[in-house]
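The next block holds one structure in the form of C-alpha cells; read it before the comments.
Bear in mind these aren't lab numbers, they're just calculated from the coordinates by the rules spelled out. These figures come from a predicted structure and were not determined experimentally. Quick reminder, even Gly has a Cβ in these numbers, built from the backbone with ideal geometry, and neighbours come from all protein chains shown.
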Amino acid sequence: MLALTDGVVAIAMTLLVLDIQLSEGLRGAQLSRALDEVQSQLGAFLLSAVVIALFWRAHHEALRSVERIDSYLFWLNVGFLVLVSLIPFPTRVLEDYGDQFLGPGLYGAVIGTAALLLYAMALHICRASGRSWRCTPLPAQAFVFLLSVGIARISPAAAIYSWAAAVPLSVWADRIAARAG
C-alpha cells in the first residue's frame, strides 16, 4: 500500500509541474505577460506540491504501525489516492478561476475530503490496534479546507486566505494528540 501511494504521489506531483507552460518565441511585452501568468501557475504548483507532500508524510506516519490491511482500510486508501491523483485538476481550476467560487470551492472540497479520508484511515488504524481514538490528531486541515468551500461562496479570495489557518490549527491538534497519546 505504501508503494502504491508513493507512485500516485510521484505522478500527481509530476502532473502538477507539466501544467506549467511558457509559449516559445515570445519577446518584449508578450514575454512579460507570459512570465506573469507562469508566476500564478508556480504559486498554485507550490501550494499543491506542499499539500501533496504533507499528505504523503501523514500517510506514511499513519501506516507505520499497521499490522494488517483490512478491507475497510484498503478502500479508505483507494478513496484517498483517487483524491490525491485528482489534485492537479482542481489546481488548474484554481489557477484559471481563483477569483470565482469554482476555483477555491473545488480545491477546498478535494483537499478537505482527502484530509478527512486520511484522518479516517489514521483513526481506523488506532482503533484496530486497540489504542484510543485520541492517538491521532483531529483533522484541522479537513475542517479548514471544507469550511473554505462555504467561504468561497461569499469571497473566493477570503477562502484562499483561510487555508493559512490549517498550519496553526494542525500544530495545535498535534500537540493535543501528543498529550493524549
TODO: Identify the residue in the range 136-181 that is surrounded by 13 or more Cβ atoms within 10 Å (Cβ to Cβ) and outside any helix (DSSP H, G or I) and, among all such residues, is nearest to the chain's Cα centre (by Cα).
DONE: P139
Open item on the list: Suppose the filter is free of Cβ contacts under 8 Å to residues at least 24 places away in the same chain, surrounded by 19 or more Cβ atoms within 10 Å (Cβ to Cβ) and hydrophobic (A, V, I, L, M, F, W, C); does L102 pass it?
Closed with: no
- [ ] Of the conditions (1) under 30 Å from D36 (Cα atoms); (2) touching a residue at least 60 places away in the same chain (Cβ under 8 Å); (3) not aliphatic (A, V, I, L, M), S129 clears all except one; give me its number.
- [x] (1)
Open item on the list: With the structure loaded, tell me whether F80 is out of contact with any Phe, Trp or Tyr (no Cβ under 6 Å at 6 or more places or on another chain), buried (at least 16 other Cβ atoms within 10 Å of the Cβ) and closer than 18 Å to L169 by Cβ or whether it fails that test.
Closed with: no
- [ ] Within the range 20-76, count every residue that is of a type in the set (V, I, T) and exposed (fewer than 12 other Cβ atoms within 10 Å of the Cβ).
- [x] 1
TODO: Filter the range 38-90 for residues that are hydroxyl-bearing (S, T, Y) and more than 16 Å from D6 (Cβ to Cβ) and give the result.
DONE: S40, S48, S65, S71, Y72
